[in-house]
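Just below is one structure, and these are the notes that go with it.
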Amino acid sequence: MKASFDSAAANYDQSFTQTAIGKLQREAVYNILSQYLVNVKTIFEINCGTGEDALWLASQNFEVFATDISEKMIAIGKAKNEFQNLTFSTLDITHLSSFQKEEKYDLLFSNFGGLNCLSQDELSLFFTTAPHFLKEKGKMVLVVMPKNTVWEQLYFLAKGKWSKAFRRRNEHVLANVDGEKVPTYYYNPKEIVHLTEETLECEEYQPIGFFIPPSYLEPFFKNKKGFLKLLRKLEMGIRNFSFLSKYADHYIIILQKK
């Protein structure tokens, strides 16, 4: 897995972070995340990629410890970093139980499907271990990819690729990450709630990218700013429509330590 994301590091910001769709999806995440930062001082980020979210959080004076399995992703994050309150480190979350760090955090954050790289057994172990890094009543804010994304179904059906239209419902998919095949697992919100019920309590979940399309449609939408503006407005109007979460490109779920 490490090598897979190393290969994506050089192009990640160009292919997602700096795109129109990437910016809109990140804005949608921040609008909801911001509601849960009121009493937060320290943040543990996993799957931080090239550090865009960590930099945004650090700019607001949070103490941020940002981690990723990819050394090259971390290297890019470090090169961007101008904050004393932000630290980057490599971390394989499948080995979280052996990670030596005594500090506990107010919030654990993972954006844009990093947890979708974990099988159900690995994800279950993660949810058993990760709460140990949270303070009492600490929260997790996780952005996960569900199984029933309408945009993806319509896209592949329009291209006549019937087998791919509902691929997220398979046990796993070999996603193409800059030429590397990465096993990817999809989880609807209720599956996450079930996996976390012993250690965490679900506060809410909301769709991210029900109207805003997946990033691989950027070439189609690149010159359709007016259309994207309309989709952004529609996206903002479904903030409380939690039932749409399993049909969006991603969803955000907020969990609190019991």
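The values are calculated or read from the model by the stated rules, or taken from the named source; none is laboratory data. Given the structure is predicted, the values throughout are model-derived calculations rather than measurements. Reconstructed Cβ throughout: ideal geometry from the backbone, glycine too, with neighbour counts over all protein chains shown. To get the accessible areas, we keep the full protein, side chains included, count just its heavy atoms, and leave off ligands, DNA and RNA. Shrake-Rupley method; radii C 1.70, N 1.55, O 1.52, S 1.80 Å.
Tabulated data for the structure shown
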| item | result |
| --- | --- |
| Derived scalar couplings ³J(HN,Hα) [the stretch 44-52; Karplus, 6.51 cos²θ - 1.76 cosθ + 1.60; whole Hz; x for Gly, Pro] | 10, 9, 10, 6, 6, x, 8, x, 4 |
| Rg/Rh ratio calculated on Cα atoms of the stretch 118-258 (Kirkwood radius) | 1.01 |
| Accessible area per residue, Å², the chain with all protein chains present, probe 1.4 Å | 49 |
| Solvent-accessible surface (1.4 angstrom probe) belonging to ILE21, in square angstrom, nearest 10 | 0 |
| Sites LYS101 and LEU234 - FRET efficiency at Förster radius 51 Å, r taken between beta-carbons, to 0.05 | 0.75 |
| Summed residue charge, Cβ within 14 Å of LYS159's Cβ, Lys/Arg positive, Asp/Glu negative | +2 |
| Accessible-area composition of the chain, carbon plus sulfur, in percent [1.4 Å probe] | 51 |
| Extension gain, ALA79 back to ASN170 (0.36 nm per residue minus Cα-Cα distance, nm) | 28.9 nm |
| Which of MET140, MET145, MET236 is most accessible, then next, and so on - probe 1.4 Å | MET236, MET145, MET140 |
| Label zone at LYS181 (point 7 Å along Cα-to-Cβ), backbone N below 19 Å, the stretch 146-174 | 162-174 |
| Contact order relative to length of the chain, as percent, for alpha carbon pairs under 8 angstrom and 6 or more apart | 22 |
| Amide H contacts of PHE112 (H built 1.01 Å from N, under 5 Å, at least 5 apart or other chain) | VAL143 |
| Residue list for the stretch 76-119, given a label point 7 angstrom along the Cα-to-Cβ vector of GLN18 and an amide N cut-off under 14 Å | 80 |
| In sequence order, calculated HN-Hα J values of the stretch 232-242 (Karplus, 6.51, -1.76, 1.60; Hz; x Gly/Pro) | 4, 4, 5, 4, 5, x, 10, 4, 9, 8, 4 |
| Point-charge dipole on Cβ atoms (K/R +1, D/E -1) for the stretch 169-258, about Cα centre, debye to 20 | 620 |
| The chain: antiparallel DSSP beta bridges as a percent of all, rounded to 5 | 55 |
| For the stretch 96-108, 3J(HN,Hα) per residue [Karplus equation, 6.51 cos²θ - 1.76 cosθ + 1.60, θ = phi - 60°, Hz, x = Gly/Pro] | 4, 5, 9, 6, 8, 8, 7, 5, 10, 10, 6, 8, 10 |
| Summed side-chain charge close to ASN39 - residues other than ASN39 whose Cβ falls under 11 Å, Lys, Arg +1, Asp, Glu -1 | +3 |
| Net dipole in debye of the chain [+1 Lys, Arg Cβ; -1 Asp, Glu Cβ; about Cα centre; nearest 20] | 1080 |
| GLU203 long-range amide H proximity, modeled H, under 5 Å | ILE254, LEU255, GLN256 |
| Area accessible to solvent at PHE83, 1.4 Å probe radius, in Å² | 70 |
| Label-point separation in nm, GLN153 to GLU27, each point 7 Å along Cα→Cβ | 2.7 |
